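Down below is the structure, laid out as structure tokens.
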Amino acid sequence: MSAIVLHYTGCINYKDIMKLCNVSETSAKIREDRIKLLEARNKFCTSPLEKQVYDNFKDFIKNYKKEIYQKRNNFLEIIDN
């Protein structure tokens with residue numbers, strides 16, 4: 001559960017973390033607490049290691065966000081009709 005990946009996918013609440021990472025509610029809530037602290041500092045991709053992790057996952061992040069966007073648009077089309 002890399003903080004950088006969670007941040008850039010927008011999965012910062014425990015329910016989203018559970019779904020994305022397939023972890024228990026307890027684990028996801030612990031990670032959510034940490035993410036809240038990191039989000040408040042807003043210092044992502046500042047270290048070389050974080051940049052490397054981001055580079056390794058950027059295609060995943062892009063595809064995940066695209067999938068979420070498409071699901072949202074499909075849902076909005078359904079309720080508009």
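The values are calculated or read from the model by the stated rules, or taken from the named source; none is laboratory data. All figures in this text were calculated on a predicted structure; none of them were measured in a lab. Positions of Cβ are generated from backbone atoms using ideal geometry, with glycine treated the same way; all protein chains shown enter the neighbour counts.
Applying a threshold of 9 Å to beta carbon distances and a minimum spacing of six or more residues, or different chains, the list of pairs starting in region 1-17 at a residue that is among the acidic types (Asp, Glu) and ending at one that is in a loop (DSSP other than H, G, I, E, B) reads 16/10. Against the list (1) acidic (Asp, Glu); (2) at pLDDT 95 or above; (3) within 13 Å of the chain's Cα centre (by Cα), the condition residue 67 fails is (2).
Provide a single number: the residues in region 10-27 that are in a helix (DSSP H, G or I), of a type outside the set (D, E, K, R) and surrounded by fewer than 19 Cβ atoms within 10 Å (Cβ to Cβ).
Number of matching residues: 4.
Based on what the data block shows, is residue 62 surrounded by 10 or more Cβ atoms within 10 Å (Cβ to Cβ), assigned to a helix (DSSP H, G or I), out of contact with any Pro (no Cβ under 8 Å at 6 or more places or on another chain) and of a type outside the set (Ser, Thr, Tyr)? Criteria met by residue 62.
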